[in-house]
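To start, the structure itself, in structure tokens.
The values are calculated or read from the model by the stated rules, or taken from the named source; none is laboratory data. From a predicted model like this one, the values you see are computed outputs, not experimental measurements. Cβ: placed from backbone, ideal geometry, glycine included. Neighbour counts: every protein chain shown. Just so you know, the surface numbers come from the protein's heavy atoms only, side chains and all, with ligands and any DNA or RNA stripped out. Shrake-Rupley method; radii C 1.70, N 1.55, O 1.52, S 1.80 Å.
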Amino acid sequence: MARSIMEFFTVFQIKALDLQQSLQEVTERYEKEKQKRRALHNSLVELRGNIRVHCRIRPLLPFDTAETVLVKCSRPGHAAINKTFQFERVYNASESQDTVFADVAPLLTSLLDGYNVCIMAYGQTGSGKTYTMLGPQLEENFAFSIEDESELGIIPRATQEVFRLISEKPPGSYWVEVSVVEVYNNEIFDLLAKDSCGKLFGIKRDVITTREGKSDVPLLTYETVENASEFLHLVNKGLQLRVRHPTLVHAHSSRSHLVVTLTITTIASGDNFDNKSTSSSRASSPVQLEATEKMKQVKTRLQLVDLAGSECVGMSGVTGAALRETSFINRSLSALADVLGAIAEQRPHIPYRNSKLTHLLQDSVGGDAKLLVMLCISPDQRYLTESMQSLGFGTRARQVQRGQVKKKSFPVPSKAK
């Protein structure tokens, strides 16, 4: 009897191990197929010029593994809601800043390959946009903390990755500049501009359209940076000037759209490509470059955008100046949605100039850049209307086909004789 039980148990163990191994093999095949499907989808997105949309959800909101968001809500006196939204990527509450950035990093390789790139965070107030883009912020001066690297957001991580990629290139072949602006009450402010004493002082700038049809901000301050530390120092200084006001929804609500731009100039010579000019990642100064006729320059831009949050006045409880800010924020976000709608419908006129925000981002939104929208969603049932609005915005953005993004052509240097 005991022997029969032992034999049965042994057979059972063998079958269990076989099942476990089979399950593991199926899981591995599923993951490989999932990666292949994602790669094929990304290729299709590239060809169509679609806007990539990723969605990050704070805890409590249900979702499934098929990169969808499921919204279920049942409130007394309201119709039940049961809707599913699909995006390129959906992050649940347990997924870290590392995981989010892992899906962003491939875009940065495109930056050095000659493409412009834009990454923007969209969502309601308090949904985690600034945390996703910057990381945790210090309450005393609103700068972002760089002590815990695991908590860093997309902006600092993207800069570190860009300089890592540059370090693998020939020394002196890249030159990097940074600008930081905010769009506040439909006005553009240069957060790196300095007064006569050398102190940072946000100065109002204007945005224009050049003869080539590109957007430009005359007199905008560009600071040259050699590494990620210099960049983070400048951005933190600029952030201290960013406008914030407390609301009932968020104690440190950003009242402006933040646009951090990293401009990378690739330098190559026409006849002789000299890699011995310098050992740092920074190439010659602009004056030196212009003086050398043989030098060829190609500029690519990485725009990192932390949009102000859309909000319902009744929920936020704002009055006075803050109420006026809310009006400008909501109008500029509506203008962004209108621009995307016009592009999707292939209208002859795209209303970029209806807002300083859309005018500033005209090149990126209009198809001159690989664009990733990071939707940030709050799971709180009180903000259901705002969450549905954000999810709807993301759904419409995914449907925009802008045509294949153009690559900047690099000069091919001839070999030195």
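Here is how the numbers come out for the structure above:
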item	result
Filter result (among the aliphatic types (A, V, I, L, M) and more than 21 Å from residue 155 (Cα to Cα)) within the range 334-375	335, 336, 337, 339, 340, 342, 343, 344, 350
Qualifying position, being outside any helix (DSSP H, G or I), surrounded by 10 or more Cβ atoms within 10 Å (Cβ to Cβ) and at pLDDT 75 or above, among 93, 16	93
The range 342-391, subset of a type in the set (Val, Ile, Thr) and part of a helix (DSSP H, G or I), residue modelled with the lowest pLDDT	385
Hits in the range 196-214 (condition: over 24 Å from residue 368 (Cβ atoms) and open to solvent by less than 60 Å² (accessible area, probe 1.4 Å))	198, 200, 202, 203
